[in-house]
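A short worksheet on the structure shown next.
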Amino acid sequence: MAVELKQLVESFDRLWPATGAEDWDNPGLVCGDIKQRVSRVLLSVDVTTDIISEAIDGGFDLLLAHHPYLLRGITSVREDTAKGMNLASAIRADLSIFAAHTNADIVESGVSHVFANALGLQNVEPLVPSSDRLIGHGRIGVLSEPIALGEFARHIAKVLPSTATGVRVAGDFNQLVQRVALCGGAGDSFIPAAMEAAVDVYVTSDLRHHPVQDAREHSALSGGTPAIIDVSHWASEWLWLDIAAEQLGVLFPNVQFVVSQLRTDPWDFVVTQ
């Protein structure tokens, strides 16, 4: 039994309030008619040509993405551009698109919380909490027992879906770690918070040369902590989709929620000497 898109959007805002989004962010309805009837929803991290095709070919009415498709720097949706072509294809096929981004990062069962649970962290709390301290960016938790940094990295690689770039580590392989901070997606801006929290290791994505180098130089003054682990942006956020689908399935048992299995990580392969 189909429901109106308006009902879904209202539930999205209860699960992931738009008021929790960062000022620069642009979550919400990208395209679609709120009166549209929806019976099948595809969930993905990104909106790409392949994801749009999967949604249209699979007869989905709505694409629920984590990343906003129209964020910044978009001044045209001409169909000779990738974004214009994809949006035109979606609109012609009556495929609505909705994004829940930083507003889905900070909530109690948000992206980083799901990542922390998947890694087996205990006593989990936000790395950068909001005023009520129940929500916020990133997470801190502890492993049940200390583990070598290299083995922890291997554990992460098993938990996350496989990607070409794998898991990169800055730190001593045999260094013991137990207190962990993490942030799903790009989180180099939270390196200072992880250092202040005196964690053994910080896990995030899209790390750049200088922030990591500076952090490791500083860590040399404090016994080598925190070590830093860089994982795929897509992989660290993909885990959340299953939880989002479960939450929505409880609210709308007659609507089908399907997590896309397509890898939208942009890297295809790596080479070494």
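Bear in mind that the values in this text are calculations on the coordinates, not laboratory data. All values derive from a computational prediction rather than experimental measurement. Quick reminder, even Gly has a Cβ in these numbers, built from the backbone with ideal geometry, and neighbours come from all protein chains shown.
Working out 0.36 nm times the residue gap between Ser130 and Arg168, then minus their Cα-Cα distance, what length gain in nm do you get to one decimal?
Separation in residues times 0.36 nm, less the Cα-Cα distance, equals 10.7 nm.
List the lysines whose Cα sits under 22 Å from the Cα of Lys35, skipping any in the same chain fewer than 8 residues away.
Lys6
Given labels modelled 7 Å from the Cα in the Cβ direction, how far is it in nm from Arg208 to Trp267?
The answer from the label model is 1.7 nm.
Please list, in order along segment 108-117, the HN-Hα scalar couplings obtained from phi with the Karplus expression 6.51 cos²θ - 1.76 cosθ + 1.60 (θ = phi - 60°), rounded to whole Hz, x for Gly and Pro.
Karplus values, whole Hz, x for Gly and Pro: 4, 10, x, 4, 5, 5, 4, 4, 4, 5.
Which residues does the label zone of Leu70 cover in segment 19-49, counting backbone N under 14 Å from a point 7 Å along Cα→Cβ?
Backbone N within reach: 26-34.
Of Thr102, Thr49, Thr225, which is the most mobile in a GNM of the chain whose springs link Cα atoms less than 10 angstrom apart?
In this elastic network of the chain, the residue with the biggest mean-square fluctuation among Thr102, Thr49, Thr225 is Thr49.
Would you kindly calculate the translational diffusion coefficient of the chain, applying Stokes-Einstein with the Kirkwood radius from alpha carbon pairs, for 25 °C and a viscosity of 0.890 mPa s, and quote it in µm² s⁻¹ without decimals?
My calculation gives 126 µm²/s for D.
Arranged by the count of other C-beta atoms within 10 angstrom, fewest first, what order do Val128, Val271, Val231 take?
Exposure proxy ranking, most exposed first: Val271, Val128, Val231.
What is the distance, in nm, between label points placed 7 Å from the Cα along the Cα-to-Cβ direction at Glu108 and at Ser189?
2.6
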